[in-house]
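Report on one structure; see the data block that follows.
The values are calculated or read from the model by the stated rules, or taken from the named source; none is laboratory data. Keep in mind the model is a prediction, meaning the values are calculated, not measured. Every residue, glycine as well, gets a Cβ built from its backbone with ideal geometry; the counts of neighbours run over all protein chains shown.
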Amino acid sequence: MSETISGGHLVAKALKAEGVEVIYTLCGGHIIDIYDGCVDEGIEVIDVRHEQVAAHAADGYARITGKPGCAVVTAGPGTTDAVTGVANAYRAESPMLLIGGQGALSQHKMGSLQDLPHVDMMAPITKFAATVPSTERVADIVSMAFRECYHGAPGPSFLEIPRDVLDAKVPIERARIPETGRYRASTRQAGDPEAIERLADLLAHAEKPAILLGSQVWTCRATDAAIDFVRTLNVPAYMNGSGRGTLAPGDPHHFQLSRRYAFTEADLIIIVGTPFDFRMGYGKRLSPTATVVQIDLDYRTVGKNRDIDLGIVGDAGLILSAAAQAASGRIGDAAAKRKAWIEELRTVETQAYEKRLPRQHSDAQPIDPYRLVHEINEFLTEDTIYIGDGGDIVTFSGQVVQPKSPGHWMDPGPLGTLGVGTAFAMAAKQARRDKEVLCLFGDGAFSLTGWDFETMVRFDLPFIGIVGNNSSMNQIRYGQAAKYGEDRARVGNTLGDIRYGEFAKLLGGHGEEVRDPADIRPALERARESGKPSLINVWVDPEVYAPGTMNQTMYK
Ligand SMILES: Cc1ncc(C[n+]2csc(CCOP(=O)(O)OP(=O)(O)O)c2C)c(N)n1
Ligand SMILES: [Mg+2]
């Protein structure tokens, strides 16, 4: 008799081959054989309280580690609950695999428990969605799903595994079990050499260049190449999404508040790894006379919504390195000439900063949100991963909070999903125990997925949670007030006055209430010291709004 292996154990072997160390899951009878396989392969099983959290955690794990994240959910409602997390990963270009259960193939379309057309539902929000047709193919198709995750800009894949396929055992030699490092190619793609030459030429002649380092700079782990590029060519850099932190605050090439000015005045604008979506005003906020270069992993993103002068598809790190090298020899005194341009931007930057400073130091009660985000910014260390999950309060933070290291900023991305915070915090702490994790929540956002605070207690994943509590869905309320008037603005956006510090304590964490701005810092220190998952509930002024909320640009 030859040795046999079940579908669930083949899933675990394929996950192991990809380097996946943890799955996020909520149990169901359809998927238990995967758990049993994970026990054999030494893959940790983190069981959460809602499948949305499992999917967001897989997304977060991928962002932090650079490896694909994996969530495993049961058929039907388990899979539909995870849809939001997959959709978020899709818009954020995050490589994750969702595995969903399915009724037995032998009962296909007979009305089995929790049966739904999962693959049809997932197809528009994944790079690859398929049913595993036989036990022999399980590991093979899991590896195929991972390969598809990395095609172009990364993204999620979905597999449903029918229960009889998962539970059946087959002789091990009949199953294809791809081996680590042998089933997919390197994903790094260098840019077209001719295009690099043109970019070098543009860089050599530009007097007022500016570069935007987007999320793919982190996805491609191109931090060093980006730093080398801006140094060699003396180019002021702006960062967005996961690209934040590429340069540390205080770096001579780090700019943030003068972005609109720079993009209006620049003669050469290089957009790296971020689409012309709403965060970029669909490209309309760039000077119409500037030469615009776009570098992206995804061919479909380049030139979308706005004409460009040069488009290069490929890996941000390889392209920036090649361009810096090609331009450095021919730059002459151009880099030095940019001194005046950089000084001009620094003046604009400093003016904007100083204008806001009194609000950041405000002693007002209820607390000015600017003061809260200022305190958070001061509190972050080089080893703090910052997560934003909320509406208006997170929009305030987008202006003020500056991560101190690359890869230390997490926001949902362009889907703007509320509820990512608990999941991202869980994944970040799980993947990087050596890091401090801090998450700023809106009270509305926290309440969407906050029960998973309990999961963080159960798995001993300490983090510093802060609820910017305005007892409202304020970002939406602003729009209602602006459109219908103050007297009709309080419809469908008012929350209770919930003491989230007490909620944290109820679930076994550390919790505090803060009403006086002077107490923010000491409360944050105590949360840090507690070594527990914590929630500092900070009562902020509901009557003020972030500029980004008022002009609908949100966090950028
Ligand atoms: C899942 C989800 N539902 C609804 C929205 C729409 N939305 C955007 S901001 C916002 C208000 C969020 O309130 P809160 O988290 O308390 O932050 P605040 O604006 O009050 O600071 C809502 C409901 C969304 N982005 N995501
Ligand atoms: Mg709120």
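For the range 508-553, what are the residues that are of a type in the set (Ser, Thr, Tyr), away from ligand 1 (no atom under 14 Å from the Cβ) and either surrounded by 17 or more Cβ atoms within 10 Å (Cβ to Cβ) or outside the structural domain of Pro414 (by the TED database) (or both)?
Narrowing the range 508-553 to residues of a type in the set (Ser, Thr, Tyr): 530, 534, 545, 549, 553.
Applying the additional criterion that residues be away from ligand 1 (no atom under 14 Å from the Cβ) yields 530, 534.
Answer for the range 508-553, where residues must be of a type in the set (Ser, Thr, Tyr), away from ligand 1 (no atom under 14 Å from the Cβ) and either surrounded by 17 or more Cβ atoms within 10 Å (Cβ to Cβ) or outside the structural domain of Pro414 (by the TED database) (or both): just Ser534.
Given the options Ala323, Ala340, name the one that is crowded, with 22+ Cβ neighbours inside 10 Å, among the small types (Gly, Ala, Ser) and not assigned by the TED database to the domain that holds Tyr478.
Values: Ala340 fails: crowded, with 22+ Cβ neighbours inside 10 Å.
Every option except Ala323 fails the conditions.
Between Ile161, Ile125, which is farther than 22 Å from Gly28 by Cα and of a type in the set (Val, Ile, Thr)? Explain how you work it out, then say what you get.
Working: Ile161 fails: farther than 22 Å from Gly28 by Cα.
Only one candidate qualifies: Ile125.
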Inspect the range 300-316 for any residue being among the acidic types (Asp, Glu), modelled with pLDDT of 95 or more and buried (at least 18 other Cβ atoms within 10 Å of the Cβ) and give the result as yes or no. yes
Does Tyr90 qualify as being farther than 20 Å from Thr180 by Cα, outside the structural domain of Asp277 (by the TED database) and of a type in the set (Phe, Trp, Tyr)? yes
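Could you identify the single residue in Ile32, Ile99 that is of a type in the set (A, V, I, L, M) and out of contact with any helix residue (DSSP H, G or I) (no Cβ under 7 Å at 6 or more places or on another chain)? It would help to see each step written out before you state the result.
Numbers: Ile99 fails: out of contact with any helix residue (DSSP H, G or I) (no Cβ under 7 Å at 6 or more places or on another chain).
Only one candidate passes the filter, namely Ile32.
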Pull up the range 432-449, narrow it to residues that are crowded, with 23+ Cβ neighbours inside 10 Å and away from ligand 1 (no atom under 11 Å from the Cβ), then point me to the one that is farthest from Lys404 (Cα to Cα). Cys439
When the residues of the range 450-490 are narrowed to those that are away from ligand 1 (no atom under 13 Å from the Cβ) and of a type in the set (Val, Ile, Thr), which ends up surrounded by the most Cβ atoms within 10 Å (Cβ to Cβ)? Ile464
Restricting attention to the range 369-382, does a residue exist that is within 16 Å of ligand 2 (Cβ to nearest atom) and hydroxyl-bearing (Ser, Thr, Tyr)? yes
Quickly run through the range 491-523 and pick out the residues that are in contact with a helix residue (DSSP H, G or I) (Cβ under 7 Å, 6 or more places away or on another chain), in a loop (DSSP other than H, G, I, E, B) and within 16 Å of ligand 2 (Cβ to nearest atom). Val491, Asn493, Leu495, Ile498
Filtered residues of the range 280-297 (kept if surrounded by 21 or more Cβ atoms within 10 Å (Cβ to Cβ) and more than 17 Å from Tyr261 (Cβ to Cβ)): Val293, Gln294, Ile295, Asp296, Leu297
Yes or no: Glu344 acidic (Asp, Glu) and either in a loop (DSSP other than H, G, I, E, B) or more than 26 Å from Asn474 (Cβ to Cβ) (or both)? yes
Of these, His253, His205, which one is in the same structural domain as Gly283 (by the TED database) and more than 17 Å from Val293 (Cα to Cα)? His253
Tell me whether the range 404-419 contains one or more residues that are among the polar types (S, T, N, Q) and closer than 21 Å to Thr274 by Cα. yes
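Okay, residues lined up against (1) at pLDDT 95 or above; (2) of a type outside the set (D, E, K, R):
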site: Arg528; (1), (2): yes, no
site: Lys532; (1), (2): yes, no
site: Ile536; (1), (2): yes, yes
site: Pro547; (1), (2): no, yes
site: Asn551; (1), (2): no, yes
Report whether or not Tyr370 is aromatic (Phe, Trp, Tyr), closer than 28 Å to Gln552 by Cβ, outside any strand (DSSP E or B) and touching a Lys or Arg at 6+ places or on another chain (Cβ under 7 Å). yes
Looking across the range 179-197 at residues that are part of a loop (DSSP other than H, G, I, E, B) and without any contact (Cβ under 8 Å) to a residue 40 or more places away in the chain, the single one that is nearest to the chain's Cα centre (by Cα) is Ser186
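Could you grab me the full set of residues in the range 82-100 that are out of contact with any Pro (no Cβ under 9 Å at 6 or more places or on another chain) and either more than 14 Å from ligand 1 (Cβ to nearest atom) or within 22 Å of Glu21 (Cα to Cα) (or both)? Step through it out loud before you land on a result.
In the first step, residues of the range 82-100 are kept if they are out of contact with any Pro (no Cβ under 9 Å at 6 or more places or on another chain); the result is 82-84, 99-100.
Across the range 82-100, the qualifying residues are Ala82, Ile99, Gly100.
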Residue check, Phe396 against (1) away from ligand 2 (no atom under 14 Å from the Cβ); (2) among the aromatic types (Phe, Trp, Tyr); (3) farther than 22 Å from Arg63 by Cβ, all met but one. Which one? (1)
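Among what's in the range 198-219 and is in a helix (DSSP H, G or I) and among the β-branched types (Val, Ile, Thr), pick the residue that is farthest from the chain's Cα centre (by Cα). First the steps, then the outcome.
Residues of the range 198-219 in a helix (DSSP H, G or I): 198-205, 215-219.
When the remaining residues are screened for being among the β-branched types (Val, Ile, Thr), the result is 217, 219.
Details: Val217: 13, Thr219: 10 Å.
Ranking the candidates gives Val217 first.
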More than 25 Å from Ala423 (Cα to Cα), touching a residue at least 24 places away in the same chain (Cβ under 8 Å) and part of a helix (DSSP H, G or I) - does that describe any residue in the range 540-547? yes
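Can you confirm whether Pro414 is surrounded by fewer than 24 Cβ atoms within 10 Å (Cβ to Cβ), closer than 20 Å to Asp251 by Cβ and outside the structural domain of Thr65 (by the TED database)? Break it down stepwise before answering.
Numbers: surrounded by fewer than 24 Cβ atoms within 10 Å (Cβ to Cβ): yes; closer than 20 Å to Asp251 by Cβ: no; outside the structural domain of Thr65 (by the TED database): yes.
No; evaluated as a whole, the condition is false for this residue.
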